[in-house]
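Reviewing the structure listed below.
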Amino acid sequence: MSTNIKYFGLLAEITSCREESLGNSPSTVNELLELLFEKYPDLKEKDFRVAIDQQLVTEDTQITGGEIALLPPFSGG
Amino acid sequence: MNRYSRHIVLSEIGPEGQKKLSTASVMVVGAGGLGCPALQYLVAAGVGTIGIIDHDLVEESNLQRQILFGTSSLGTNKAMSAKKRLADLNPTITINAYPIQLQAQNALDILSGYDIILDGTDNFETRYLINDAALLLDKPVVFGAIYKFEGQVSVFNYKGGPSYRCLFATPPAGSSVANCSEVGVLGVLPGIIGCMQANEVIKMILGMADVLSGKLLCYDARSASTNFISIARNEDRIKQVFDERDIFLQNHSGSNYSCEPVEISVEDALKMEDVQFIDIREPGELPFIQLPECIQIPLGSLEQSISEINSEKNIVTFCRSGIRSKKAVSLLIENNITNCYSLKGGALALEPAIKSLIK
């Protein structure tokens, strides 16, 4: 099972893509973040929330499929 | 009224809905990329009382997206300049311009006078200030924020819904996020997001269902795509704001707006329309200044003489060199005369400018 991830705002600049599919399928949000931080070390410096299927989740949430989104806060106006 | 006939003909609005709009009050914090379009539609819709707070001046690089301003507004305060344009758009409503910065010290005073707050600011500090003040005052906030081609919209603190802190608990570390001036922004994007904010304001005033509360709308102008993310209320984070109420109130000094008065240059002041100069020096102080639109009220008696001041005009106070006139501006703002400036350089700078005008 692959994991589909959407990156919003400046996170997409770090990952150089707005959407991607991860080959591995991490079982928790924590595992997912570890994978992403390894792949994109600059992500570690950024604040963001993780959502799965349009619901905000915490780090210990189990991933059982669905669409993942990484949302940073925007300040501009 | 014919002005609102296209609203009134809608069965969802009708004369009752239009009346609700005319008795509502909305504070727009920030007359920038988001505030300008939101203000235009709220004013055009006939929202009865509109507040505009912004301490910034119009710069040329703003004109690409801050559509209330033109070349002639460069260098003027955004709140005052916006009010001037909007008063022409709809003279039947009340518009209060506050050319000052929203701060912990004045936020509760200023925001308490309005039903709904629209967050059109460009920094996290003010966004969290608005959120917390709105929680303490039990007022809804229509949130909008942008980054390059993307925007976020939501309604917070609405009928027991989540607050901004339920989405992002604390402001990110300083280096984590950049603002428009550093990273750039597609001009039309704040137009779209600001209009979405105005739409949510109007829905709330009309009591329509499906207000954008409890979810974050994420819009991407590149793909014209929207994503909705559900936000649940986090009681702990909301409780924390109330627990820290005393800290907030300590910063908030009673009825005093302790804010930095806006200064205006002699050149800009002399160009300004509908201006009333107030010479706040003691009688006999030199240099003697003679201007047609000038009245003399010494600083010491300013508070007793508030009724003599026409608050519809742009007030420019001056003293000898521009120090005491700042106190005068603070005093006027405390007395709800918000359209006021302190003349930079005072009478010493004004005298040669007037002389060169006469020549």
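Computed quantities for the displayed model
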| item | result |
| --- | --- |
| Modelled label reach - B:I295, point 7 Å along Cα→Cβ, region B:335-359 residues with backbone N closer than 20 Å | B:335-343, B:347 |
| CD proxy at 222 nm, helix term only [per DSSP H run n ≥ 4: -39500 (n - 2.57); per residue of the protein assembly as shown; nearest 500] | -10000 deg cm²/dmol |
| Average Cα contact separation per residue, chain B, under 8 Å, 6 or more apart, as relative contact order % | 15 |
| Cα gyration tensor of chain B - equivalent ellipsoid semi-axes, whole Å, descending | 37, 22, 20 |
| Order of A:D47, B:D210 - criterion: other Cβ atoms within 10 Å of each residue's Cβ, fewest first | B:D210, A:D47 |
| Computed magnitude of the charge dipole of region B:15-85 (debye, nearest 20; Cβ of K, R +1, Cβ of D, E -1) | 240 |
| Candidates B:S342, B:S301, B:S321, ranked by Gaussian network fluctuation over chain B, Cα under 10 Å, top entry | B:S301 |
| Label-point gap, in nm, between B:A44 and A:F37 - each point 7 angstrom along Cα→Cβ | 4.9 |
| Spin-label proximity, B:K271 to region B:64-88 - amide N less than 16 Å from point 7 Å beyond Cα toward beta carbon | B:69-78, B:80-82 |
| P(r) histogram, all alpha-carbon pairs of region B:285-327 included - 5 Å bins from 0, percent | 5, 18, 31, 29, 15, 2 |
| About the Cα centre, charge dipole magnitude for the protein assembly as shown (Lys/Arg +1, Asp/Glu -1 at Cβ), debye | 980 |
| Tail beyond 38 Å, pair distance distribution of the protein assembly as shown (Cα, percent) | 30 |
| Per residue convex hull volume, Cα atoms of region B:263-358, in Å³ | 84 |
| Packing-based order for B:6-17, B:269-280, B:144-155, using average beta carbon neighbours within 10 Å, highest first | B:144-155, B:269-280, B:6-17 |
| Mean Kyte hydropathy of 1.0 or more with a Cα span along the axis of at least 20 Å, helices from DSSP in chain B | B:188-206 |
| Extension gain (nm, one decimal) between B:Q101 and B:V9, 0.36 nm per residue minus Cα-Cα | 29.1 nm |
| Calculated diffusion of region B:203-321, Stokes-Einstein form, Kirkwood radius summed over Cα pairs, 25 °C and 0.890 mPa s, µm²/s | 121 |
| Amide H partners (placed H, <5 Å) of B:G214, local residues excluded | B:V155 |
| 3J(HN,Hα) from dihedral phi, region B:304-319, Karplus parametrisation 6.51/-1.76/1.60, rounded to Hz, x for glycine, proline | 6, 9, 3, 5, 6, 8, 7, 6, 6, 8, 7, 8, 10, 9, 9, 10 |
| C-alpha long axis of helix A:29-39 to longest principal axis of chain A, angle in ° | 60 |
| Average other protein chain Cβ within 10 Å of Cβ, residues B:227-233 | 4 |
| Inter-chain shielding of A:45-54 (mean C-beta neighbours from other protein chains, 10 Å cut-off) | 4 |
| Tail weight of P(r) past 23 Å, computed on alpha-carbon pairs of region B:1-101, percent | 27 |
| Base-10 log of normalised Debye intensity for region A:3-77 (one unit scatterer per alpha-carbon) at q = 0.18, 0.23, 0.25 Å⁻¹ | -0.66, -1.11, -1.34 |
| Of B:K84/B:K271; B:K139/B:K203; A:K46/B:K215; B:K83/B:K139; B:K20/B:K215, those spanning more than 18 Å from alpha-carbon to alpha-carbon | A:K46/B:K215; B:K83/B:K139; B:K20/B:K215 |
| Debye log10 I(q)/I(0) for region B:82-179, one point scatterer per Cα, at q = 0.12, 0.15, 0.20, 0.21 Å⁻¹ | -0.45, -0.69, -1.11, -1.18 |
| Peptide A:63-75, shielding by other chains (average Cβ, 10 Å cutoff) | 5 |
| Assigned charges on the beta-carbon of Lys, Arg, Asp, Glu; region B:311-359 dipole about Cα centre (debye) | 240 |
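A short reminder: the numbers here are calculations on the coordinates, not readings from a lab. Since we're looking at a predicted model, the values are computed, not measured. Please note: Cβ atoms are built from the backbone with ideal geometry, for glycine as well, and neighbour counts cover all protein chains shown.
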